[in-house]
Every structure is written in C-alpha cells, then in structure tokens.
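> Here it is: the structure, laid out below.
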Amino acid sequence: MSEQPHSTMRERVERLAENLQEQFGPLGCELLRGHGELTLVVPPGRLLKVAKSLRDQEAFCFAELIDVCGVDYATYGETEWQARGAANSGFGRGVERPQVVPRDPSHRFAAVYLLSVSNNQRLRLRVFVDEQEPIVPSVVTIWNCANWFEREAFDLFGILFDGHPDLRRILTDYGFIGHPFRKEFPLIGQVEMRYDPEQRRVVYEPVSSVQPRTLVPRVARDDNRYLQPRDAAETPGETEAGGAGERGANDA
C-alpha cells in the first residue's frame with residue numbers, strides 16, 4: 001500500500017487531488033470537488049491517455065473500473081414538480097413537461113466512469129460529448145470490463161464508443177428505435193405490444209395514449225410520519241413503526 005496506514009480519508013483525497021492536478025491539469029482536464037469526492041473532467045481526445053496513466057502510474061493505480069454510464073444534461077437544473085406552494089400530500093404536483101432544449105449542445109451528453117483502486121481511493125471521470133456527434137473513445141483496451149457498460153450507455157443514451165469491439169444494443173428489444181434514457185424520449189414510449197390470438201404472435205402497434213405524463217411516485221397518505229398529533233391520537237392502531245398505514249401504502 002502506497003498510503004500511510006494512519007492517514008485519514010481527507011488526507012488521501014487531498015493527496016490524490018494534488019497528484020491529479022499536477023499530472024492532468026496541463027492536458028486540459030478540470031478537477032471538481034463535491035461531497036468529499038473528486039471528479040476529473042477529461043476532454044474526449046485525452047481520455048485514453050488519462051485512463052492509461054490512472055491505471056499504470058504508481059501514484060494512482062486505478063486498476064479497477066466500477067461502472068460506465070451515460071448522462072443527458074438537457075434541461076439540467078429544471079424540474080417537473082411544483083415544489084413551492086404545493087401541498088405535502090396528493091398526486092397533483094406534476095407539471096406539464098416543456099420541450100426538451102439542451103442548454104449547451106456541445107455538452108448535451110456525458111460518459112461517466114467510476115474508478116476504484118487497491119489503496120482505498122475512488123475517482124469519477126466525466127467526458128462531455130457533442131449532441132450531434134456523441135462519440136467518445138472506448139476504454140475496453142484499458143479496462144476490459146467496460147465492454148458491456150459501454151454497450152449499455154450506447155443503448156440507452158446513443159453515446160458511440162469509438163473502437164468498441166462489438167457495439168450493439170444490450171437492454172432493449174430487437175428492432176428498438178431510439179434511446180429510452182434521452183430526455184426527449186416519450187415516457188409513454190413509442191410502441192406497445194400485445195398478443196394477437198388470431199395471428200398467434202406478439203404484435204407491435206403505436207401507443208394508444210398520446211398524452212405525455214409525469215412519472216408521479218406513490219404517496220403514503222396515512223404514513224404516521226406525516227400525521228398531525230391530533231390525527232395520530234385518533235389512529236392508535238397505526239402508531240407503531242411499520243403499522244397498518246405504512247404496510248397498506250406499500251401494498252397498494
């Protein structure tokens with residue numbers, strides 16, 4: 001282990017930040033801090049060089065790749081919920097979804113890489129890609145486990161990984177059109193399927209409902225955590241943890 005046995009997590013993070021800034025700052029990388037974690041924003045053209053250095057150099061030794069995922073930053077920071085002035089209960093806080101317009105087309109999508117290492121450090125890599133040409137180099141030659149992760153990001157977000165040995169869909173159905181995790185993809189989908197007894201097969205048809213909708217989570221209306229003292233006194237059978245009200249909401 002390269003770290004001192006009694007070094008604290010904060011000391012390790014600070015030491016890692018210094019090494020990252022010194023090594024990759026001249027390459028145009030940006031180091032971000034938040035919630036006790038580090039994020040290194042890497043230009044797409046520098047990704048392979050940075051990734052190889054993170055894996056091989058003794059100061060980093062990031063030999064393990066935890067995950068690769070995609071992010072769609074269109075309408076980032078906006079909300080579909082009436083958070084102010086709305087009641088604390090009920091299902092009517094969803095607002096009409098606006099047209100998806102990316103704030104910065106050159107930073108519409110991002111590929112995010114989570115790395116772990118034997119010396120108890122973690123780092124997040126983020127690579128922004130253009131909306132029109134969302135292409136980022138594949139890191140399969142550096143971390144072989146990225147193979148299926150990159151296929152998943154391609155399937156759900158349409159991010160292309162240049163150099164991937166077998167870039168094809170991995171989660172959606174055969175003949176699926178579009179990328180379901182993109183913000184403009186309709187929540188109700190584009191087609192629906194059913195079994196046709198006359199044709200004796202599954203058939204695909206356009207969705208019968210064309211109204212956009214907001215994904216509204218269930219609300220435990222009678223959850224004891226939200227009862228007023230007077231209401232709680234009137235429901236003695238539901239005042240214990242995991243009472244009937246909470247179980248009923250979960251079973252609904």
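> So what does the Cα-only Debye profile of region 104-215 read at q = 0.19 Å⁻¹, as log10 I(q)/I(0), no solvent term?
Results for region 104-215 at q = 0.19 Å⁻¹ read -1.06.
> Now for a separate question. Any chance you could run the full-extension gain for Asp130 through Arg194? It's 0.36 nm times the residue separation minus the Cα-Cα distance, nm to one decimal.
19.3 nm
> Given 0.36 nm per residue, what is the gain on full extension from Leu160 to Ser208 after removing their alpha carbon distance, in nm?
Length gained between Leu160 and Ser208: 14.1 nm.
> Here is a further query. Once amide H atoms are placed 1.01 Å from N in the peptide plane, what residues at a sequence separation of 5 or more from Asp130, or on another chain, have their amide H within under 5 Å of its amide H?
Correct list: Ile135.
> Taking only protein heavy atoms and a 1.4 Å probe, what accessible area per residue, in Å², does region 18-62 have with all protein chains in place?
Averaged over the residues of region 18-62, the accessible area is 56 Å².
> At 1.4 Å probe size, put Tyr76, Tyr113, Tyr174 in order of accessible surface, largest to smallest.
Ranking Tyr76, Tyr113, Tyr174 by accessible area, largest first, yields Tyr174, Tyr76, Tyr113.
> Place a label point 7 angstrom from the Cα of Trp148 along the Cα-to-Cβ direction, then list the residues of region 167-192 whose backbone nitrogen is under 19 Å away.
Counting backbone N atoms under 19 Å from the label point, the list is 167-174.
> Hey, another quick one. Give me the one-decimal nm value for the distance between modelled label points at Ile66 and Ser53, 7 Å along each residue's Cα-to-Cβ direction.
Label at Ile66, label at Ser53, 2.3 nm between them.
> So how exposed is Phe176, as accessible area in Å² (1.4 Å probe, rounded to 10)?
It works out to around 70 Å².
The values are calculated or read from the model by the stated rules, or taken from the named source; none is laboratory data. Since we're looking at a predicted model, the values are computed, not measured. Cβ atoms come from the backbone with ideal geometry, glycine included; neighbour counts cover every protein chain shown. Side chains are part of the model used for accessible areas, which takes the heavy atoms of the whole protein and leaves out ligands, DNA and RNA. Shrake-Rupley method; radii C 1.70, N 1.55, O 1.52, S 1.80 Å.
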